[in-house]
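These notes concern the structure reproduced below.
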Amino acid sequence: MKKISSFVLAATVALSSTTAFAGGTNDVVIEPAPAPVVVDGGSSSALPWWAVAAGVIGVGVLLSDSK
């Protein structure tokens, strides 16, 4: 049974490697880069300083070993 499964695997790999490039390659199409977008105003992804400080204090409290 091991010889049959090895043969099937080898045949599958051989067939897939020969048909992989059957269609040839496509021509490379270079598209122009889009114009940059400038947005006035603050960033909504920035955390306020107090949230960062609270996170640092919270981690410190959780990791402290005061018994």
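Using the structure shown, decide if residue 5 is loosely packed, with under 10 Cβ neighbours inside 10 Å, assigned to a helix (DSSP H, G or I), modelled with pLDDT under 75 and not β-branched (Val, Ile, Thr). Give the derivation first.
Numbers: loosely packed, with under 10 Cβ neighbours inside 10 Å: yes; assigned to a helix (DSSP H, G or I): yes; modelled with pLDDT under 75: no; not β-branched (Val, Ile, Thr): yes.
Taking the combined requirement at face value, the residue does not satisfy it.
List the number of the failed condition for residue 40; all other conditions in (1) loosely packed, with under 10 Cβ neighbours inside 10 Å; (2) modelled with pLDDT of 80 or more; (3) not small (Gly, Ala, Ser) hold.
Evaluating residue 40 over (1) loosely packed, with under 10 Cβ neighbours inside 10 Å; (2) modelled with pLDDT of 80 or more; (3) not small (Gly, Ala, Ser) leaves (2) as the failure.
Looking only at region 8-34, filter to residues that are of a type in the set (S, T, N, Q) and in a loop (DSSP other than H, G, I, E, B); which one of those is modelled with the highest pLDDT? Don't jump to the end; show me each part of the working.
So in region 8-34, the residues of a type in the set (S, T, N, Q) come out as 12, 16-19, 25-26.
Keeping just the survivors that are in a loop (DSSP other than H, G, I, E, B) gives 25-26.
Details: 25: 69, 26: 73.
My answer is 26.
Of the conditions (1) modelled with pLDDT of 80 or more; (2) surrounded by 10 or more Cβ atoms within 10 Å (Cβ to Cβ), residue 62 clears all except one; give me its number.
Failed condition: (2).
The values are calculated or read from the model by the stated rules, or taken from the named source; none is laboratory data. Since the structure is predicted, the reported quantities are computational estimates derived from the model, not experimental observations. When we count neighbours, we look across all protein chains shown, and the Cβ atoms used for this are built from the backbone with ideal geometry, even at glycine.
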